[in-house]
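One structure is given here, and the rest of the page talks about it.
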There are 2 protein chains.
Amino acid sequence: MLIAGDWGSSNMRLHLCRVEEGRLIPVETVRGKGAKDVSDHETAFRAAAGDWIDRHGPMPVLLSGMIGSTIGWREAAYLPCPAGPEAMAGALLRFEAAGCPIAIVPGLSCRNIFGQPDVMRGEEVQLFGWLAGVADDDAERLICLPGTHAKWARTQGRTVLDFVTSMQGEMRELLLAYGLLGRSLAKPYDPAAPTDIAAFDVGAGLVVDDPTLAIEHGLFALRSRILMGELTSDAAPSFLSGLMIGAEVRDAVAAHRARGMAVETIVLVGAELLVDLYGRVCDRLGIAIEKAAGDGTALAGLSAIAARMEAATA
Amino acid sequence: MLIAGDWGSSNMRLHLCRVEEGRLIPVETVRGKGAKDVSDHETAFRAAAGDWIDRHGPMPVLLSGMIGSTIGWREAAYLPCPAGPEAMAGALLRFEAAGCPIAIVPGLSCRNIFGQPDVMRGEEVQLFGWLAGVADDDAERLICLPGTHAKWARTQGRTVLDFVTSMQGEMRELLLAYGLLGRSLAKPYDPAAPTDIAAFDVGAGLVVDDPTLAIEHGLFALRSRILMGELTSDAAPSFLSGLMIGAEVRDAVAAHRARGMAVETIVLVGAELLVDLYGRVCDRLGIAIEKAAGDGTALAGLSAIAARMEAATA
């Protein structure tokens, strides 16, 4: 048996797994507090996994996410790109706790396509999870993991070459929660409200059809359209999603193409609702998509790392 | 005598003026609460200007800013572009209060260069003020008024053709006050801290040198540079200013050039510190600048409108 899990800033999710032909098969799952909400991570781990250890004895533990950061249990230094699952298995931060050998997956760092330093911590297991299913050849891919801080990774075979982080998701939340655009709505912004697809498409269409419409010059359209009676307050957050996701995808594609990548297909890994919205923009840009749910890929990534860990220690 | 003033959301500033050859010469100035902080605007006006009216008798009053909005005294409908000071003088919202004829300057509306509705309220007097000093010919200009919601206006002679609003300034404040980038700093963000010009130039250089570096993909560089030890926390807000003002100016220039405007010079109207930063980006882009302080231009604009008002009522 093996314990594998994501332990992020806000949530902990641990799986008790059987190991079958190098794959982790979750048998039981527990949830707990995120790394930032816990002062003693060892105690929190024992509280969550102690019962499993009592029943099955000490076993290897493999954790990913912010648990390996400065706000986590112990800090695992970022592994520089290019990097694949072998390099990751060799760079695990290892120590012992609760009688078990613990391994924490380091995040990845790189110089992104703009020459800037960039980092991820947690998303790398989703990337390796999706890549575990592809041929380990020379094929280059562009993989997007939508989210508050979306990651756009260039990969070759099962190796992550580099990636760039988009802050579009956080910007949108801030604009609606604290800014003029939020105050332009008839009632406070509800992040859980369903997307108005027609309004999303109008916003996305504007930026896709006009490559010169940069996000900072486009956002005010939400307010002026409401003032002019051209947009309802209820539809406005979806219009904004269209504008902002539209710009994120359009600009990511343009930047990668400017560096010689063809970008005929984009792989979208993440929560279904968000992946669908990103997919709509790709459609408009004439780009094919491959979709994968985020949850399964994280465990697949931990499997890929665990398999190489076992090999390394065998 | 005439009372002229800006009465914005957050601040009221009224001037008692002598009228000399059609120009308003301020003799005394009072300040007061902004339109959003006042429940009875007539009482607030009497409290501010009552002494002048007692001493000099009833006189015309000309007000601009959010006082003419839904949160103001009375709502003045936006005047559609193209519009010059004559059209503005003819579109004033007029009523009587405190025994004086009151005139409120309407804001301007337009379809901007991206085909979107856009609005301004308050900035139009600064625009007309600066334009009062140029020849009333066919020359086209690009005028930028930096600020929380910066305006980029295309003008011809003394007429405003259209304008587009950038939300860059507000986005930056939100990111630093409420977002991950603010939490990446060693101490809370201080908007009054002086700009680190070297750090500003690094940020501006990145976006000016790479037209494919869109703002949503560039902002995370602040966090990763701090993590990698490539940027100090103290210099980070200035680096962010460089990235964001750099992108705003670069993208505004590109969008106007894509529509056939040469953009060899940009006129910058506003507060000196901000105008200087915008000017540094223009220099990098090889674009000449003309600078004007915002304060004087607002009164000049009210003068230009008052002159036509008097002519209209003479």
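Once you order the gyration tensor axes a ≥ b ≥ c over the Cα atoms, which shape class does region A:2-136 get: rounded for a/c under 1.5, otherwise prolate or oblate by comparing a/b with b/c?
oblate
Report, in whole Å, the centroid distance computed from the Cα atoms of region A:122-165 and region A:36-93.
21
Need one number: % antiparallel among DSSP beta bridges in the protein assembly as shown, to the nearest 5.
Percent antiparallel among DSSP bridges in the protein assembly as shown is about 70.
Using Cα springs under 10 Å in a Gaussian network model of chain B, which residue among B:230, B:173, B:264 shows the largest mean-square fluctuation?
Maximum among the listed residues: B:230.
Placing a label point 7 Å from Cα toward Cβ, how far apart in nm is residue A:194 from its equivalents in the other copies, listed shortest first to one decimal?
Reported distances to equivalent positions: 5.7 nm.
Among the residues of region A:151-175, which ones have their accessible area go down by 10 Å² or more when all the protein chains sit together, as opposed to their chain alone (1.4 Å probe)?
A:164, A:165, A:166, A:167, A:170, A:171, A:174, A:175
With a Förster radius of 45 Å, plug the Cβ-Cβ distance of residue B:98 and residue B:283 into 1/(1 + (r/R0)^6) and report the FRET value to the nearest 0.05.
About 0.40, to the nearest 0.05.
Taking the Cα centre of chain A as origin and charging only Cβ (+1 Lys, Arg; -1 Asp, Glu), how large is the dipole, in debye to the nearest 20?
Computed about the Cα centre, the dipole is about 420 debye.
Every cysteine in the protein assembly as shown with no other Cys Cβ under 4.7 Å from its Cβ, please list them in numeric order.
Lacking a cysteine Cβ partner under 4.7 Å: A:17, A:100, A:144, A:282, B:17, B:100, B:144, B:282.
Just for the Cα atoms in region A:165-293, what are the lengths along the principal axes, largest first, rounded to whole Å?
The principal-axis extents, from largest down, are 43, 32, 24 Å.
Given the options A:12, A:228, A:171, which has the most mean-square fluctuation in a GNM of chain A, springs set between C-alpha atoms less than 10 angstrom apart?
A:228
Looking at chain B only, what percent of DSSP beta bridges run antiparallel? Nearest 5 please.
If we restrict to bridges inside chain B, about 70 percent are antiparallel.
Among B:203, B:99, B:90, which one shows the highest mean-square fluctuation when chain B is modelled as a Gaussian network with alpha-carbon springs under 10 Å?
It is B:99.
Scanning chain B for trypsin sites (Lys or Arg not before Pro) in DSSP loops with at most 16 other Cβ atoms within 10 Å, what's the longest stretch left with none?
B:75-258
Any idea what the relative contact order of region B:64-129 is, in percent, if you count C-alpha pairs under 8 Å spaced at least 6 apart?
34
How big is the charge dipole of the protein assembly as shown about its Cα centre, in debye rounded to the nearest 20, if each Lys and Arg gets +1 on its Cβ and each Asp and Glu gets -1 on its Cβ?
Using only the charged Cβ atoms, the result is roughly 500 debye.
What is the extension gain from residue B:42 to residue B:230, computed as 0.36 nm multiplied by their sequence separation minus the C-alpha to C-alpha distance, in nm to one decimal?
62.2 nm
So how much accessible surface do A and B hide from each other in total, probe 1.4 Å, in square angstrom to the nearest 100?
4000
In whole percent, how big is the carbon plus sulfur part of the accessible area of region B:165-293, probe 1.4 Å, protein atoms only?
Here it works out to 54 percent.
If eta is 1.306 mPa s and T is 10 °C, what Stokes-Einstein diffusion coefficient results for the protein assembly as shown, Kirkwood Rh from Cα pairs, in µm²/s?
Roughly 59 µm²/s, to the nearest whole number.
Considering every pair of different Cα atoms, what Kirkwood radius, in Å, is found for region B:97-137?
12.7
What whole-number value in Å² describes the accessible area per residue of the protein assembly as shown for a 1.4 Å probe?
With all protein chains present, the protein assembly as shown gives 39 Å² per residue.
Take the rotation relating chain B to chain A, measure from its axis to every Cβ in chain B, and name the nearest residue with the distance in whole Å.
Closest Cβ on chain B to the axis mapping it onto A, in Å: B:174, 2.
Could you give me the radius of gyration and the Dmax of chain A, taking only the C-alpha atoms into account and expressing both in angstrom?
When restricted to Cα atoms, chain A yields Rg and Dmax of 21.0, 69 Å.
Can you give me the % of accessible surface on region A:1-56 that is carbon or sulfur? Probe 1.4 Å, all protein chains present, nothing else counted.
44
Mind listing the label-point distances from residue A:75 to the same position on all other copies, shortest first, one decimal in nm, points 7 Å along Cα→Cβ?
Spacings between copies for this position, smallest first, are 5.4 nm.
The values are calculated or read from the model by the stated rules, or taken from the named source; none is laboratory data. Given the structure is predicted, the values throughout are model-derived calculations rather than measurements. Counting neighbours? That spans all protein chains shown, and the Cβs are built from the backbone with ideal geometry, glycine included. What goes into the accessible areas is simple: the full protein's heavy atoms, side chains included, and nothing from ligands, DNA or RNA. Shrake-Rupley method; radii C 1.70, N 1.55, O 1.52, S 1.80 Å.
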